[in-house]
Amino acid sequence: LTTMGEARMDPSPPDSTAQQDSLFSMTDVFLISLIIGLFTYWFFFRKKKEEVPDLPKMQTVVAPQRDSSFIEKMKKTGRNIVVFYGSQTGTAEEFANRLSKDAHRYGLRGMAADPEEYDLSDLSRLSEIDKSLAVFCMATYGEGDPTDNAQDFYDWLQEADTDLSGLRFAVFGLGNKTYEHFNAMGKYVDKRLEELGAQRIFELGLGDDDGNLEEDFITWREQFWPAVCEHFGVEATGEESSIRQYELVVHTDVNMNKVYTGEMGRLKSYENQKPPFDAKNPFLAKVTENRKLNEGGERHLMHLELDISNSKIRYESGDHVAVYPANDSSLVNQIGEILGTDLDTVMSLNNLDEESNKKHPFPCPTSYRTALTYYLDITNPPRTNVLYELAQYATDTGEQERLRKMASSAAEGKALYLSWVVEARRNILAILQDMPSLRPPIDHLCELLPRLQARYYSIASSSKVHPNSIHICAVTVEYKTKTGRLNKGVATNWLKNKVPDQNGSSSLVPVYVRKSQFRLPFKPSTPVIMIGPGTGVAPFIGFIQERAWLKEQGKEVGETVLYYGCRHEREDYVYRQELTHFQKEGVLTQLHVAFSRDQAEKVYVQHLLKKNKENIWKLINEGMAHIYVCGDARNMARDVQNTFYEIVSEFGNMNQAQAVDYVKKLMTKGRYSLDVWS
């Protein structure tokens, strides 16, 4: 039985195995079929997916390479002169455009170019083009730095070992003598190109914005072109003629959703805000506070707080906030009335040069009202090229002659331009009012006027304390001109009227943050000496807030010393309560205030520095203190620097030259920082 039982039970496993074998083989067949089917489907589907975008992908890769070669573009369009510009506020770009337009008078063809858009290593190939020349209009920004759009070019120049022996060049620098590193960028480009073997065909031009930048440019330009003619053996083809760069297109039937209403870049970007926010995509910040800081006097000093919640904007103490203002509507309306124009006409100005990267002078399509309000500078005295182009529209021969004379390079013309336009601070509206026969077409006027630029303010807050808010300290600009007109600063008067409200656009301000080198020391225990009279105190409010926050975190915070100055103690002593509070809390260890007009003899911050010279030297020499100066570059910053030379010379037992060298070394090491304006 056992055997039988075993015999009966034996077949059971083989039966079960046979069933399983049969089952697996069927499953395997099914799975293999399924896998083959899926693989086949995936293979063909994948191939289609890959093949369809393949061509566009190739196109998008190839196009920038083609566009980035200015040599290929010059060959294609028959240009032989390229004028590169390093521009922060638009002036260098304007000069570059003027030089490129000049070229046609000599049988040459020019193009203005943004170095950011091209591969500058192609400079070594420029000699492939007959009668070729590269001109560089280079502005210096900050403390001897390149402008944002010239940073890559500057980096390339520093690292390049390219042979530029076939390159012919000339440089015109734009700077300001009140700054320490006057025209540093222009000088560097001129020197470095020569070092790389390039041939300078005309001397370096140094424009000074503290003097008369326009006159400096004209003087350089009138000698530059004869040098070009001599070098290439060409002659002027005739009188300078007015050549329009853009053509007007009036839109009578247009979808208003496609019309720009003040945006800087992307259409509808103010309605549909998307980070990251920058110069071409500013953030609309709401004004949550706007209070007057001074208690009396004629001036209006104000403190504004801008809400940057949900913007992802990050800032550090010492950074700048850029504000895009709007022109006064009454000025815009008056221009429209004088020129008999319907300002609400929707139009586009399209570049006649189809190959140009710059399709319009400002975002188009838009209305004349929007262009004159948000895009064009209508309050600064126009440059001579604008007067020259406008002269043709003056029906009175005397007025036409006057405009042409002011635009000429003759000494008499330069003097007339200086007195009648620059010193009298005549803007385009004043010129139209004072020349009744001058009635240019509004589209040509819009083509000629420079772009309205963003205004920069030192941030008066610390992101450690106010992560969702940026604070501004500003003074409204308002003055009487020699003609008796009342001129008002565009941005400060516009900001003054930004009153916080519950909802609506009246309190919105387009902003972005610009990074700065003006930074607190890495170690909180390092002493700081801050000198900031007037609104120059702004970044130091942020610095002190940050030092207070660090102290609260239990960090050891070094001496925090502030030298502040204003006119009258009872009128314009700004942030008095805040500074007193910080002093009581022991964060602000020394507060020295100079009231310049409260006594017979004027007292400024530099006088207080001299008064405390021994303590100053101790902080610098023993405490390794960092020095910060913010405010007026023309007088205050220079006087303060001279005072430091004196202190170093006296207590460091150095002669004048050694003291100057000592302070310069502090600057190089980042221990003497400037945030100044002229």
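Worth pointing out:
- Full-stretch length increase - residue 517, residue 109 - with 0.36 nm per residue and alpha-carbon distance subtracted: 142.8 nm
- Using a probe radius of 1.4 angstrom, the carbon and sulfur fraction of the accessible surface of the range 70-232 is 40%.
- Each residue of the range 441-456 is assigned a 3J(HN,Hα), and the resulting list reads x, 5, 5, 5, 4, 5, 5, 7, 5, x, 6, 6, 9, 5, 9, 9 Hz, derived from the Karplus form 6.51 cos²θ - 1.76 cosθ + 1.60 (θ = phi - 60°), x at Gly and Pro.
- Taking every alpha-carbon pair under 8 Å whose residues sit at least 6 apart, the range 70-232 reaches a relative contact order of 21 percent.
- Listed peptides 637-645, 396-404, 651-659 by packing density, highest first (mean Cβ within 10 Å): 637-645, 396-404, 651-659
- Residues of the chain: accessible area per residue with a 1.4 Å probe, Å²: 49 Å²
- On the beta carbon distance between residue 333 and residue 591, with R0 = 60 Å, the FRET formula returns roughly 0.80.
- For the chain, the relative contact order works out to 11 percent when only alpha carbon pairs closer than 8 Å and six or more residues apart are counted.
- Of 139, 82, 115, farthest towards positive along the dipole that unit charges on Lys, Arg, Asp, Glu beta carbons give the range 81-139: 82
- Karplus-derived HN-Hα couplings along the range 167-174 (A = 6.51, B = -1.76, C = 1.60, θ = phi - 60°), whole Hz, x at Gly and Pro: 8, 9, 8, 8, 10, 10, x, 10
- Every pair of different Cα atoms in the range 374-435 enters the Kirkwood calculation, which places the hydrodynamic radius at 11.7 Å.
- Tilt relative to the chain, helix 184-195 - C-alpha long axis, 0 to 90 degrees, to 10: 70 degrees
- Only one residue of 202, 633, 92 has its Cα farthest out toward the positive end of the dipole of the chain, where Lys and Arg carry +1 and Asp and Glu -1 on Cβ, and that residue is 633.
- Mean silhouette area of the chain, derived from the convex hull of its C-alpha atoms and averaged over all directions, reads 49.9 nm².
- Computed FRET value (nearest 0.05) for residue 274 with residue 121, which takes r as the C-beta separation and R₀ as 56 Å: 0.95
- In a simple Cβ point-charge model (Lys, Arg +1; Asp, Glu -1; nothing else charged), the chain has a dipole of about 1300 debye relative to its Cα centre.
- Residues whose amide H lies under 5 Å from that of residue 367, counting only those 5 or more places away or on a different chain, are 347; hydrogens are built 1.01 Å from N in the peptide plane.
- Summarising the amide proton neighbourhood of residue 86: residues at separation of 5 or more, or on other chains, whose placed amide H is nearer than 5 Å comprise 137, 138, 139.
- Surface composition of the range 528-676: carbon plus sulfur atoms contribute 45% of the solvent-accessible area (1.4 Å probe, protein chains only, all chains present).
- Counting only lysines at least 8 places from residue 286 when in the same chain, those with an alpha carbon closer than 22 Å to its own are 268, 274, 312, 464, 496, 498, 515.
The values are calculated or read from the model by the stated rules, or taken from the named source; none is laboratory data. All of these numbers come straight from a predicted model, not from anything done at the bench. With ideal geometry, Cβ positions are generated from the backbone for all residues, glycine too; neighbour counts draw on all protein chains shown. These accessible areas exclude ligands, DNA and RNA; they are computed on the full protein's heavy atoms, side chains included. Shrake-Rupley method; radii C 1.70, N 1.55, O 1.52, S 1.80 Å.
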